[in-house]
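Asks: Quick one: the structure is below, and I'll ask about it shortly.
The values are calculated or read from the model by the stated rules, or taken from the named source; none is laboratory data. Bear in mind the structure is a predicted one, so any value in this text is a computation, not a measurement. Glycine gets a Cβ as well: all are built from the backbone with ideal geometry, and neighbour counts include every protein chain shown. The area values use the complete protein model at the heavy-atom level, side chains included, leaving out ligands, DNA and RNA. Shrake-Rupley method; radii C 1.70, N 1.55, O 1.52, S 1.80 Å.
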Amino acid sequence: MSMQQVKRKMERLKLDNTVEMLPDLTEEAAKEKSSPLEFFDRILSLEVEAKEERRIASSLKVSGLPKGMRLDNFDFLFQPSVEKQRIDIFSDCEFISRGENILFFGPPGVGKTHLAVGLGVRAIEIGHSVIYYTLEELLAQLKKRTDIPVSKQKGRAYVKNALVIVDEIGYQALDRFETHLFFQFISVRYAKGSTILTSNCSVLDWGQIFAQDELAVTAILDRLLHKAHLFNIDGKSYRMKDFDQMLAKKRDNHV
Ligand code: ADP
Ligand code: MG
């Protein structure tokens, strides 16, 4: 049997990651005196690993998650109002299987988006489906299908993903129609999955965001908070970190 024949069969099976490595892998196996089972396992492990990497890369792309924000590059020392242990509890993403929500509150720059996205990345790594929107993007999506209620929109990303992240609630005031669409969205998520929200203002001020519609706000919060974990991040803006350091340096130089 020739190497070429084996390679052709590997190509037919789409074992694309090991086909070119086959001569090296067989040589390595001979050198290490691997058993047939060990050799077979080596090939399959390399294929599984590569497939997993491709799955993660493509899911990250589809999710729309901003790049570069992960749980492992969040500086917990800079933001002591968020306990690392408390975030770590969620890094197994069991909250998604339980259909629970996570809400991050706090002023701009404290890391709300970073933590929400970091959890989203973890969820994808584990194998959950994730979609990220700013509130503005979500509303634009919801407005594309106003002919049928959100609960009937089976194929839409904001319905079918296991985790939906809605970032930046509070920067934009919604009118009554948008508030109603958002309420429908939250109702569907309540029935179907898990949601992470970030907001720069407390729920006490959500009336101002949602068209002064207290009834809708109550209905939204009722569903949202039923199975929810809340983080109030109260600290310095990370965006202003360098600026603060620069100011401090300037001050030091003057004394
Ligand atoms: P928010 O959503 O609260 O306004 P972001 O999460 O967007 O803030 O943070 C602003 C920028 O600072 C982002 O680039 C983010 O990655 C970074 N950042 C914020 N907090 C931290 C932190 N504790 N450690 C590392 N980077 C951070
Ligand atoms: Mg943000």
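Asks: Assign unit charges at the C-beta atoms only (+1 for Lys and Arg, -1 for Asp and Glu), then state the dipole size of the chain relative to its Cα centre in Debye, rounded to the nearest 20.
Replies: 640 debye
Asks: Take Lys250 and Ile89, extend 7 Å from each Cα along the Cα→Cβ direction, and tell me the distance between the two endpoints in nm.
Replies: It works out to 4.2 nm between the two label points.
Asks: For segment 54-105, just list the percent of Cα-Cα distances falling in each 5 Å bin from zero outward, please.
Replies: 4, 14, 19, 25, 23, 11, 3, 0
Asks: Using 0.36 nm per residue, how much length does the chain from Ala30 to Glu125 gain when fully extended, once their Cα-Cα distance is taken away?
Replies: 30.7 nm is the gain from fully extending Ala30 to Glu125.
Asks: May I pose another question? Give me the one-decimal nm value for the distance between modelled label points at Ser81 and Leu225, 7 Å along each residue's Cα-to-Cβ direction.
Replies: My value for the distance between the label points is 1.9 nm.
Asks: Residues with amide H under 5 Å of Asn101's amide H, sequence separation 5 or more or different chain, H placed in the peptide plane at 1.01 Å from N; which?
Replies: Under 5 Å from the amide H of Asn101 lie the amide H atoms of Thr195, Lys227, Ala228, His229, each far enough along the sequence or on another chain.
Asks: If you plug each phi of segment 14-22 into the Karplus form 6.51 cos²θ - 1.76 cosθ + 1.60 with θ = phi - 60°, what whole-Hz ³J(HN,Hα) values come out, in order, with x for Gly and Pro?
Replies: 6, 8, 5, 7, 10, 4, 6, 8, 3
Asks: Here is a follow-up. Over the chain, what is the relative contact order in whole percent, taking alpha-carbon pairs under 8 Å and six or more residues apart?
Replies: After rounding, I find 23 percent.
Asks: How many percent of DSSP beta bridges within segment 50-201 run antiparallel, rounded to 5?
Replies: Among the beta bridges of segment 50-201, antiparallel pairing accounts for roughly 0 percent.
Asks: What list of ³J(HN,Hα) values in whole Hz, one per residue of segment 238-252 in order, does the Karplus curve 6.51 cos²θ - 1.76 cosθ + 1.60 (θ = phi - 60°) give from phi, with Gly and Pro shown as x?
Replies: 5, 4, 8, 4, 5, 5, 4, 5, 5, 4, 4, 4, 4, 4, 4
Asks: Can you tell me the accessible area per residue over segment 71-240, all protein chains present, probe 1.4 angstrom, in square angstrom?
Replies: With all protein chains present, segment 71-240 gives 47 Å² per residue.
Asks: Using just the C-alpha positions of segment 97-147 as equal point scatterers, what log10 of I(q)/I(0) does the Debye formula give at each q in 0.14, 0.16, 0.26 1/Å?
Replies: Per q value, in the given order, log10 I(q)/I(0) is -0.50, -0.63, -1.10.
Asks: Considering only protein heavy atoms and a probe of 1.4 Å, how much of the accessible area of the chain is carbon and sulfur, as a whole percent?
Replies: 55 percent
Asks: Can you tell which of Met240, Met69, Met21 shows the greatest fluctuation in a Gaussian network model of the chain with Cα springs below 10 Å?
Replies: Among Met240, Met69, Met21, the largest mean-square fluctuation in the Gaussian network model of the chain belongs to Met21.
Asks: Kirkwood Rh over alpha-carbon pairs of the chain, then Stokes-Einstein at 4 °C and 1.567 mPa s: what D in µm² s⁻¹, rounded to an integer?
Replies: 61 µm²/s
Asks: How large is the helix-only mean residue ellipticity at 222 nm for the chain, computed as the sum of -39500 (n - 2.57) over DSSP H runs with n ≥ 4, divided by its residue count, in deg cm²/dmol to the nearest 500?
Replies: After summing the helix terms and dividing by the residues of the chain, the value is -16000 deg cm²/dmol.
Asks: At Lys144 and Lys160, where each label point lies 7 Å from the Cα along Cα→Cβ, what is the point-to-point distance in nanometres?
Replies: 1.3 nm
Asks: Apply 1/(1 + (r/R0)^6) to the Cβ-Cβ distance of Arg239 and Gln212, taking R0 = 22 Å, and write down the FRET efficiency to the nearest 0.05.
Replies: For Arg239 and Gln212, the calculated efficiency is 0.10.
Asks: Moving on to the next point. Considering only protein heavy atoms, what per residue accessible area in square angstrom results for segment 3-63 with a 1.4 angstrom probe?
Replies: Result: 79 Å² per residue.
Asks: On to the next question. Lys236: which aspartates and glutamates have alpha carbons under 17 Å from its alpha carbon, excluding same-chain residues fewer than 8 sequence positions away?
Replies: Correct list for Lys236: Asp75, Glu83, Asp244.
Asks: For Ser81, list long-range residues whose amide hydrogen, built 1.01 Å from N in the peptide plane, is under 5 Å from its own amide hydrogen.
Replies: Asp234
Asks: Suppose the chain between Arg12 and Asn232 were pulled fully straight at 0.36 nm per residue; how much longer would it get relative to their current alpha carbon spacing?
Replies: Full extension from Arg12 to Asn232 adds 73.8 nm.
Asks: For the cross-link pairs Lys67/Lys250; Lys61/Lys160; Lys112/Lys241; Lys112/Lys250; Lys84/Lys241, which exceed 23 Å when the distance is taken from alpha carbon to alpha carbon?
Replies: Cα-Cα > 23 Å for Lys67/Lys250; Lys112/Lys250; rest within.
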